[in-house]
Every structure is written in C-alpha cells, then in structure tokens.
Amino acid sequence: MPAAQRKETPIQDDSGLSTGVPAESLDSFKLFDGLDSRVAEDLIKSVVWIDLEEGQVLFRRGDAAEAVYLVQAGLLRAQPEEENHAPIIVGQIEPGSLVGEIGLLMGSRRNATIVAAKKTRLGRLTAKDMEAVFVRHPEMRRTILDAVRQRLR
C-alpha cells in the first residue's frame, strides 16, 4: 500500500518562488545549535514544508530513501512492518528531530515505517539538495553524521 498523499506547502516570496521559511525556523532543532546563520539560511532555502494528518504514512519500511525530514511540530511514530504481526511502536519522533537521515546517508532503504501519531509539520530536504548543501558547507555533513552516531548509541 503506497504512502498517503501529503500536502506540500512551500512558502513563497513576492516572486512566487518557493523560499522555505526563515532560518529562525531552525531554532527548534538542537542539531543546528551554533550553526553559522549563512549555513542555516542556505539549508532552509531547499526545504519544502509538508503537513501530515494523524495516521498518514510518511514512508514505509523498504521504500527508497530519497529525502530527510525535519520535524517542526507534531509527533511521528516509527514501527517495523513485519508480515503477520501487529504493528509495534519502536520509537517516537518529536519536534526538533530529524527522520530518514540514516537511510539517506547510508544509501539504504527505509528500515521502519513512519506514521503521524498526530497532525505533524515537516520540512522535506531531498538527497540532491542535501548533497548540494554538504558541498557548499562541509561542516553540515559532520553535524548530521554526529547526530546519526549519537542516535545509534
């Protein structure tokens, strides 16, 4: 069963172009504490904001890892989808967290299904855009990798 339709809502400037949101929107992400404001501004330009309703699937276990998501508001739950088993919640993902970065960085498929536990607002950053930010700001790769290492401990 494919993931539910998501409502993508890019913020637009006067020219009608998608601009993400102000860099201050990264303030809730501890991951970006101490990040140079120029890097934050560059990163946020590539983010497309999406809204999920309670129960909507962000992605499913086994899906290709095509983007990383920044949880701005709401709550997500991670659950492995095992055949012939009831869903088991293995984790909750709260505002200020990243989701999907491990599969994206490792070049692997998603290892869990992510579902909105309540209405959730997320910023979507594609693999292509993330790599472009890494090229322009190599320190961002270190920041993301440190976050992954910490989560895997």
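The values are calculated or read from the model by the stated rules, or taken from the named source; none is laboratory data. Bear in mind the structure is a predicted one, so any value in this text is a computation, not a measurement. Quick note on the areas: whole protein, heavy atoms, side chains included, nothing else; ligands and nucleic acids left out. Shrake-Rupley method; radii C 1.70, N 1.55, O 1.52, S 1.80 Å.
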Exercise. Of the accessible area of the range 42-153, with the probe set at 1.4 angstrom, what percent is carbon plus sulfur?
Worked result: 49
Exercise. Counting only Cα, what are the radius of gyration and maximum Cα-Cα distance Dmax of the range 36-153, in Å?
Worked result: 14.3, 49
